[in-house]
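Chemist: Pasting in a structure now, in structure tokens, and then I'll have a few things to ask.
The values are calculated or read from the model by the stated rules, or taken from the named source; none is laboratory data. Bear in mind that the values here come from a model prediction, so they are computed numbers and not experimental data. Here the Cβ positions follow ideal geometry from the backbone for every residue, glycine too, while neighbour counts run over all protein chains shown.
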């Protein structure tokens, strides 16, 4: 196995993981700002996959480092306890983010008269306050833009199941991944959610687990990490990425109807929800090409400190990206969307993400953050004595 493959598979912090998570945060911010012309030139406009796939894959890889070692070293019960604690954190992060987004939208309505609550799908929620609050708390109501964290909660809940299957055979989690994805493609399995009754989750967790657990499987070494080299596989991926540009980039599809039809055939209206195969294959191809190109200079990525920092504080910066994007859109509604205004608001949002990451890092490194880490580790250690042990899978 190459040095690059070893670095990807070792449990611990990999600068590439932080870099690409940070990059995903910046792209997510740009993509969520309403009527943002910069959105027309993000990587997703040139291919089938988007920052969503990158974020979910990196989350799976990071979860293998953060939680997989607990399962292996401390046992299944200790690992499950750690997962439940993380689910608790992310759940309340989602609820808090939803309440802040709702509040900001109401403030925007009161100040400008623009119906921002309606724009994020709050019309039904306000008309059915009691039922709406219950559905918000049970994740069966999600305002627009808030689809990712609920999916992440379900993916986290699947981790103990996958680790339990891995105790029997490393092939069983891979089989479970494939079966769930096929169940979505054949039967449309999903969860109720969205902005009103009768809708389903935009990111179907039973489909998107394929991306998450692909990253998780690489981190746990259930599947071998490929060697990053410019061989036949590299050039095959490059050819696929280049071929996907004409059927995805708006400059082509807006002017050639046949190309738009081809795109819609590959990725139908619900294709993003169900994670159709072209999205998954495009992401894997893009990941392999980019990692191969980055591999010779991977040590220098640490020099891009703002991106690394944002990637290290992914939950905090993701939440901030949604609010900053929504507020940025409100500001642009008032000052206009000239190129200068767009540049100022976009760059201010990027700077805001870096500031949030600095604050989050400072909090974690301070006395309160260290105290919480000690409590969590003590809880895991207390569970270790009674927990069944998992044997680490041998390297391929």
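Chemist: Taking the condition of being buried (at least 17 other Cβ atoms within 10 Å of the Cβ) and not in a loop (DSSP other than H, G, I, E, B), how many residues in region 133-151 meet it?
Modeler: Number satisfying all stated conditions: 6.
Chemist: Given 337, 361, which one is outside any helix (DSSP H, G or I) and in contact (Cβ under 8 Å) with a residue 40 or more places away in the chain?
Modeler: After ruling out the rest, the residue left standing is 337.
Chemist: Let me ask something else about it. Given the options 197, 224, 192, name the one that is closer than 18 Å to residue 284 by Cβ and out of contact with any helix residue (DSSP H, G or I) (no Cβ under 7 Å at 6 or more places or on another chain).
Modeler: It is 224.
Chemist: Can you tell me how many residues within region 239-263 are touching a residue at least 24 places away in the same chain (Cβ under 8 Å) and either more than 25 Å from the chain's Cα centre (by Cα) or assigned to a helix (DSSP H, G or I) (or both)? Reasoning before the result, please.
Modeler: From region 239-263, those touching a residue at least 24 places away in the same chain (Cβ under 8 Å) are 240-241, 244-245, 248-250; that's our starting set.
Checking the rest, the ones that are also either more than 25 Å from the chain's Cα centre (by Cα) or assigned to a helix (DSSP H, G or I) (or both) come to 240-241, 244, 250.
Count: 4.
Chemist: Another question, if that's okay. Among the candidates 60, 52, 68, single out the residue that is within 18 Å of the chain's Cα centre (by Cα), assigned to a helix (DSSP H, G or I), buried (at least 18 other Cβ atoms within 10 Å of the Cβ) and modelled with pLDDT under 95. Talk me through it step by step, then tell me what you get.
Modeler: Numbers: 60 fails: modelled with pLDDT under 95; 68 fails: within 18 Å of the chain's Cα centre (by Cα).
Every option except 52 fails the conditions.
Chemist: Based on this model, can you work out whether residue 236 counts as modelled with pLDDT of 95 or more, farther than 30 Å from residue 193 by Cβ, out of contact with any strand residue (DSSP E or B) (no Cβ under 7 Å at 6 or more places or on another chain) and assigned to a helix (DSSP H, G or I)?
Modeler: For residue 236, the condition - modelled with pLDDT of 95 or more, farther than 30 Å from residue 193 by Cβ, out of contact with any strand residue (DSSP E or B) (no Cβ under 7 Å at 6 or more places or on another chain) and assigned to a helix (DSSP H, G or I) - is met.
Quick grid of which residues meet (1) modelled with pLDDT of 95 or more; (2) more than 23 Å from residue 47 (Cα to Cα); (3) part of a helix (DSSP H, G or I):
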site	(1), (2), (3)
265	yes, no, yes
288	yes, no, yes
298	no, yes, yes
316	yes, yes, yes
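Chemist: At pLDDT 95 or above, under 22 Å from the mean Cα position of the chain (by Cα) and farther than 15 Å from residue 154 by Cα - does that describe any residue in region 106-124?
Modeler: No: region 106-124 contains no residue that is at pLDDT 95 or above, under 22 Å from the mean Cα position of the chain (by Cα) and farther than 15 Å from residue 154 by Cα.
Chemist: Does any residue of region 185-203 turn out to be part of a helix (DSSP H, G or I), under 30 Å from residue 136 (Cα atoms) and within 22 Å of the chain's Cα centre (by Cα)?
Modeler: Yes; the residues of region 185-203 include at least one that is part of a helix (DSSP H, G or I), under 30 Å from residue 136 (Cα atoms) and within 22 Å of the chain's Cα centre (by Cα).
Chemist: Right, something else. Check residue 223 against each of (1) modelled with pLDDT of 95 or more; (2) under 22 Å from residue 279 (Cα atoms) and name the one condition it does not meet.
Modeler: (1)
A quick yes/no check of all residues on (1) surrounded by 15 or more Cβ atoms within 10 Å (Cβ to Cβ); (2) within 29 Å of residue 292 (Cα to Cα):
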{"position": "171", "(1), (2)": "no, yes"}
{"position": "180", "(1), (2)": "yes, no"}
{"position": "183", "(1), (2)": "no, no"}
{"position": "197", "(1), (2)": "no, no"}
{"position": "201", "(1), (2)": "yes, no"}
{"position": "218", "(1), (2)": "yes, yes"}
{"position": "228", "(1), (2)": "yes, yes"}
